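For reference, the structure is listed below as structure tokens.
The values are calculated or read from the model by the stated rules, or taken from the named source; none is laboratory data. Note that the structure is predicted; figures quoted are calculated from it, not measured. We place every Cβ from the backbone using ideal geometry, glycine too, and count neighbours over all the protein chains shown.
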Amino acid sequence: MFGYVTVYKPELKIKEYEAYKGVYCTLCKQMGKEYGLMSRFLLSYDGAFFVMYKIGISDNGISAENSRCTFNPCKKCLKINCSGNAYSLASTITVILSYFKLRDNINDGSLLKKIPLYFLYPYFWRLKRKAQKKYPDIFETVKRGMERQFAAEKKENISLDEAADASAKMLGYLFAYGENGDKAESAEKFGYQLGRAVYFLDAFDDYEKDMKSGSFNPFKNSKNFTDDALLAVNLSLGELSKQLKANKLNNFNTIADNIICDGMSYRLEKTVEKYRGDKFEQPV
């Protein structure tokens, strides 16, 4: 997800924002516990959203306690405790996705950009190996999803739906992981629509960069990429909002609604402004 699934702070109450940060801080501590101190630099609010979703659809209660930041002991923070393995899952998924993101950057980057990534690769490989041992099924699913995504992007004249399908299915699997029955089905649908929305939003945001570098972008053949991207993201966000209402997250429903309806929409709005401003001209 890498940065697109975040709150719109002006619309949150203070207590809601503190709870949101509390999940983030608790996940930070969990990553340090499972994968070492440096792994905490991989942390993002995307992982915190995953934890909130998994806690929200569960029947387990949560508790909060005062804590302190590991990197800044003078700074107070909340620790949000819950039963289950939501934090462990989020830690592992963050590590695995970061590993494949690094590999993707090595494959697509210029020689100059690849050099520092090669130095980082052994560390990421060790993290990946540890995560793979903990959750081999998650690792294999992400690996297959990445391979399917890479193969899809090699095709000529691929449709938007087909381009987004591999990433969306992979996220659907991750959100449904460990759930059963109707809960698993609804979680998979939610994750799938979130995957589509993030994929299209990322492609929209990266359009200028991809056109300059010659990298794949699903909107590259669009006559008006701004309108097409705007429609694709909004349709996915609309379906995602429907799934959120159907899921009813017990503890974090208001925060999740803010993220989907306000936070991601704000990111979309800023991207539209970037391309409809005076600084960018669409390639002929």
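Can you tell me which condition LYS155 does not meet? The list is (1) closer than 27 Å to PHE49 by Cα; (2) without any contact (Cβ under 8 Å) to a residue 12 or more places away in the chain, and all the others hold. Condition (1) is where LYS155 drops out. Among the residues examined, VAL95 qualifies as in a helix (DSSP H, G or I), among the hydrophobic types (A, V, I, L, M, F, W, C) and under 30 Å from GLU16 (Cα atoms). The lone criterion from (1) surrounded by fewer than 21 Cβ atoms within 10 Å (Cβ to Cβ); (2) under 15 Å from LEU268 (Cβ atoms); (3) more than 18 Å from the chain's Cα centre (by Cα) left unmet by ASN224 is number (2).
Restricting segment 20-47 to residues that are out of contact with any helix residue (DSSP H, G or I) (no Cβ under 6 Å at 6 or more places or on another chain) and within 17 Å of ARG68 (Cβ to Cβ) leaves a set whose member that is surrounded by the fewest Cβ atoms within 10 Å (Cβ to Cβ) is LEU37. Among all residues of segment 102-122, there is at least one that is closer than 23 Å to GLY36 by Cβ, of a type in the set (Ser, Thr, Tyr) and loosely packed, with under 13 Cβ neighbours inside 10 Å.
Taken together, ASN60, ASN81, ASN66, ASN107 contain a single residue that is more than 25 Å from GLY195 (Cβ to Cβ) and free of Cβ contacts under 8 Å to residues at least 24 places away in the same chain, which is ASN66.
State whether the residues of segment 239-250 include one that is among the polar types (S, T, N, Q), at pLDDT below 90 and surrounded by fewer than 17 Cβ atoms within 10 Å (Cβ to Cβ). Yes, segment 239-250 contains a residue that is among the polar types (S, T, N, Q), at pLDDT below 90 and surrounded by fewer than 17 Cβ atoms within 10 Å (Cβ to Cβ). Of these, ASP210, ASP228, ASP257, ASP205, which one is of a type in the set (D, E, K, R), within 30 Å of GLY178 (Cα to Cα) and out of contact with any strand residue (DSSP E or B) (no Cβ under 9 Å at 6 or more places or on another chain)? Only one candidate passes the filter, namely ASP257. Residues in segment 187-220 that are of a type in the set (S, T, N, Q) and over 16 Å from the mean Cα position of the chain (by Cα): SER213, SER215, ASN217. Has segment 207-225 got at least one residue that is within 27 Å of ILE57 (Cα to Cα) and touching a residue at least 12 places away in the same chain (Cβ under 8 Å)? No.
When ASP104 is tested against (1) at pLDDT below 95; (2) among the charged types (D, E, K, R); (3) assigned to a helix (DSSP H, G or I); (4) touching a helix residue (DSSP H, G or I) at 6+ places or on another chain (Cβ under 6 Å), only condition (4) is not met. Scan segment 158-193 residue by residue and report those that are of a type in the set (S, T, N, Q) and free of Cβ contacts under 8 Å to residues at least 40 places away in the same chain. Hits for segment 158-193 are SER159, SER167, ASN180.
As a summary of the residue check, LEU89 satisfies the conditions (1) closer than 22 Å to SER186 by Cα; (2) not in a helix (DSSP H, G or I) except for the one numbered (2). Return the residues of segment 50-80 that are surrounded by 14 or more Cβ atoms within 10 Å (Cβ to Cβ) and either touching a Ser or Thr at 6+ places or on another chain (Cβ under 6 Å) or assigned to a helix (DSSP H, G or I) (or both); say none if nothing qualifies. PHE50, VAL51, MET52, TYR53, LYS54, ILE55, GLY56, ILE57, CYS77, LYS79, ILE80, listed by residue number.
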